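The values are calculated or read from the model by the stated rules, or taken from the named source; none is laboratory data. Quick caveat, the model's predicted, so the values are computed rather than measured. In this analysis, Cβ positions are derived from the backbone assuming ideal geometry, glycine residues included, and neighbour counts consider all displayed protein chains. Accessible surface areas use protein heavy atoms only, side chains included; no ligands, DNA or RNA. Shrake-Rupley method; radii C 1.70, N 1.55, O 1.52, S 1.80 Å.
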Amino acid sequence: MLHAPAGSGSETPPRRDSRRHRLVEIRDNLIARITEAEQEGWLGEIEGLQVSLASAEEKITQLDAEQVRQHQVIDLGMPSFSQIATRISTAGGPSS
């Protein structure tokens, strides 16, 4: 069964890309092995390969989701300079 880590937020994009590429290779190989096992009638082998295939596909999905999350812009609700200046001027400014 495949147990490769899905990656962490501190992982560099080239490393994440190479990990994803490797997982795609593993997935494609598993698909080919499942096809071969079906053709040869190796029923016991098929189930184990399908479990590994599901795991590889899940890891790929996790990496893709992580990449999407890292490229999203998050609005923190920080006021702009003009909003701050307006608040100060309407409040009478700093008192001396």
Pairs please, first residue from the range 39-56 and open to solvent by 50 Å² or more (accessible area, probe 1.4 Å) and in a helix (DSSP H, G or I), second anywhere and at pLDDT 95 or above and not basic (Lys, Arg), Cβ atoms under 9 Å, 6+ apart in sequence or on different chains.
Leu43/Ala37; Gly44/Ala37; Glu45/Ile34; Glu45/Glu36; Glu45/Ala37; Gln50/Leu30; Gln50/Ile34
Can Leu23 be described as modelled with pLDDT of 60 or more, in contact with a Lys or Arg (Cβ under 7 Å, 6 or more places away or on another chain), surrounded by 10 or more Cβ atoms within 10 Å (Cβ to Cβ) and among the aliphatic types (A, V, I, L, M)?
yes
Qualifying positions in the range 57-86 - outside any loop (DSSP other than H, G, I, E, B), free of Cβ contacts under 8 Å to residues at least 24 places away in the same chain and within 19 Å of the chain's Cα centre (by Cα):
Glu58, Thr61, Ala65, Val68, Arg69
